[in-house]
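Some notes on the structure that comes next.
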Amino acid sequence: TFKKMKKSLLLFILVFLLIIELVFASDVAYIYRNSEAVDENIINVFEELGLSVELINENNLPSDFSSYKFVFIGDERFRNDDRIKIWEFPAIVSNYFFGPEWGLTDADGISKLAANSPLKVRKDNEIIQVYTQATYDSSTVGIPYYYLADENRDQDLVKVTSPYLNNGGRLGAVTSYGNAGITLSNGQITKSNICFFGIIESNYWTPEARKLFKECVGFVGVSCNNDNECPDEEKGELYCVGKKVFQDIEEFECENPGTFQSQCVDDTNNKLIKECVSSCSNGKCVCLDKDKDGFDECNKGDDGDDGKQIDCNDNDPSINPGALEICDGKDNDCDGKIDEEDNLCGEGSICSLGKCV
């Protein structure tokens, strides 16, 4: 009917649009509140690095950022900061207002520094000037940068650069990296890498500051640089194949290492964990007493040993180290001899070929 055809067509269009959105998703999600605050210099750096940018207003945040390589959050006082969960996705944070809320600092928040000369930072033993001038144009107001003070900073965040003071003091981290898996000050565990970048006045960046920002982009935007950064993962429970114990392992390798197209790709393989000397059951080596005679198939100390003495034939209850030798053509007592005693058949008979004659 026409209604069914119309419904099918609408469903097809929705699926098509969803596929188009997934295929052509931008690399960077730039979250903003006021369009006038969007930093074109930042966007230029992203585009210079070959990254496409999508501007997303804080009122239209997607529920999932997994289609983007990373998220950039600029220096605005957002109304929906509780919906910007930087621990859920790779993120660059250049923001002064939400240190405690986002787990970068304790309740004292992010710090700010300005000076009467162009600001510098210390990286290892190198002093780097990051602004071309000390004050804004036609103003006496100093151009600041932000930093995570050592006494306030989440200690799992690694200091990359620190404020440079003429007296040699080090106040905290102007740029700071956080790896996936760290616990932030708000108790949240990061799922991906994050970078705090406090050199926020991009109109006055020196080439060295621009380079520092690119390094920050590389930290969050490059998924892997080598196979070692793609650890293998165990999948499911141990299981048995015959006498062997196996574990399915999801093995990852780094594809396009060191680029923004890098990713950890996986292939699931079964890995031999160990081979049992006896039996295997439910992914474990076990020592079975198959004939239920009180003796099992293992030597004492074997993997899975239950303390019982080994049975030389665990498929016959008449054969075990505690059995009596009888005339039956078998080594009943597991001493390596068959029908070895002369009195097995009583007076007037002898044991021959397993029979009393």
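The values are calculated or read from the model by the stated rules, or taken from the named source; none is laboratory data. All values derive from a computational prediction rather than experimental measurement. FYI the Cβ positions are ideal-geometry reconstructions off the backbone, even for glycines, and counts take in every protein chain you see. Only protein heavy atoms, including side chains, enter the accessible area calculation; ligands, DNA and RNA are left aside. Shrake-Rupley method; radii C 1.70, N 1.55, O 1.52, S 1.80 Å.
For this structure, a couple of remarks:
- ASP339, sole failed condition from (1) out of contact with any Cys (no Cβ under 6 Å at 6 or more places or on another chain); (2) touching a residue at least 12 places away in the same chain (Cβ under 8 Å); (3) of a type in the set (Asp, Glu); (4) farther than 30 Å from CYS224 by Cβ: (1)
- Qualifying residues in region 180-208 (those that are assigned to a helix (DSSP H, G or I) and open to solvent by 50 Å² or more (accessible area, probe 1.4 Å)) - the one nearest to ILE128 (Cα to Cα): GLU208
- If you go through region 261-298 and keep only what is touching a residue at least 12 places away in the same chain (Cβ under 8 Å) and of a type in the set (S, T, N, Q), you end up with SER262, GLN263, THR268, ASN269, ASN270, SER278, SER279, SER281, ASN282.
- Of all residues in region 314-327 being under 58 Å from the mean Cα position of the chain (by Cα) and among the acidic types (Asp, Glu), the one that is surrounded by the fewest Cβ atoms within 10 Å (Cβ to Cβ): ASP316
- Count of region 328-355 residues which are more than 24 Å from LYS292 (Cβ to Cβ) and surrounded by 15 or more Cβ atoms within 10 Å (Cβ to Cβ): 4
- For region 245-258, the candidate set comprises residues that are in contact (Cβ under 8 Å) with a residue 24 or more places away in the chain and open to solvent by less than 50 Å² (accessible area, probe 1.4 Å); within that set, the residue that is farthest from TYR68 (Cα to Cα) is VAL245.
- Residue tally, condition modelled with pLDDT under 95 and either in contact with a Cys (Cβ under 7 Å, 6 or more places away or on another chain) or not hydrophobic (A, V, I, L, M, F, W, C) (or both), over region 1-34: 9
- Search result, residues across region 105-118 that are buried (at least 20 other Cβ atoms within 10 Å of the Cβ) and either modelled with pLDDT under 95 or assigned to a strand (DSSP E or B) (or both): THR105, SER111
- Among all residues of region 136-143, there is at least one that is in contact (Cβ under 8 Å) with a residue 40 or more places away in the chain and open to solvent by less than 20 Å² (accessible area, probe 1.4 Å).
- Only a single criterion out of (1) more than 21 Å from GLU88 (Cβ to Cβ); (2) crowded, with 21+ Cβ neighbours inside 10 Å is not satisfied by LEU165, namely (2).
- Of residues in region 120-133 being at pLDDT below 95 and part of a loop (DSSP other than H, G, I, E, B), the one farthest from ASN179 (Cα to Cα): ASN125
- Counting the residues of region 145-162 that are open to solvent by 50 Å² or more (accessible area, probe 1.4 Å), outside any loop (DSSP other than H, G, I, E, B) and not β-branched (Val, Ile, Thr) gives 1.
- Within the set VAL265, VAL217, the sole residue that is out of contact with any helix residue (DSSP H, G or I) (no Cβ under 6 Å at 6 or more places or on another chain), part of a helix (DSSP H, G or I) and within 24 Å of GLY50 (Cα to Cα) turns out to be VAL217.
- Only one of ASP306, ASP302, ASP311 that is among the charged types (D, E, K, R), more than 33 Å from the chain's Cα centre (by Cα), at pLDDT below 90 and within 30 Å of SER352 (Cα to Cα): ASP311
- Selection over region 278-293 of residues that are open to solvent by less than 40 Å² (accessible area, probe 1.4 Å) and either under 13 Å from GLN309 (Cβ atoms) or in a loop (DSSP other than H, G, I, E, B) (or both) gives a count of 6.
- Yes/no for LYS235 being within 28 Å of the chain's Cα centre (by Cα), without any contact (Cβ under 8 Å) to a residue 12 or more places away in the chain and over 20 Å from ILE110 (Cα atoms): no
- Considering the conditions (1) on the phi > 0 side of the Ramachandran plot; (2) open to solvent by 80 Å² or more (accessible area, probe 1.4 Å); (3) touching a strand residue (DSSP E or B) at 6+ places or on another chain (Cβ under 9 Å), ASP232 is excluded by exactly one of them, (1).
- Matching residues, region 197-238, being farther than 28 Å from ILE73 by Cα and in contact with an Asp or Glu (Cβ under 8 Å, 6 or more places away or on another chain): ASP227, ASP232, GLU233, GLU234, LYS235, GLY236
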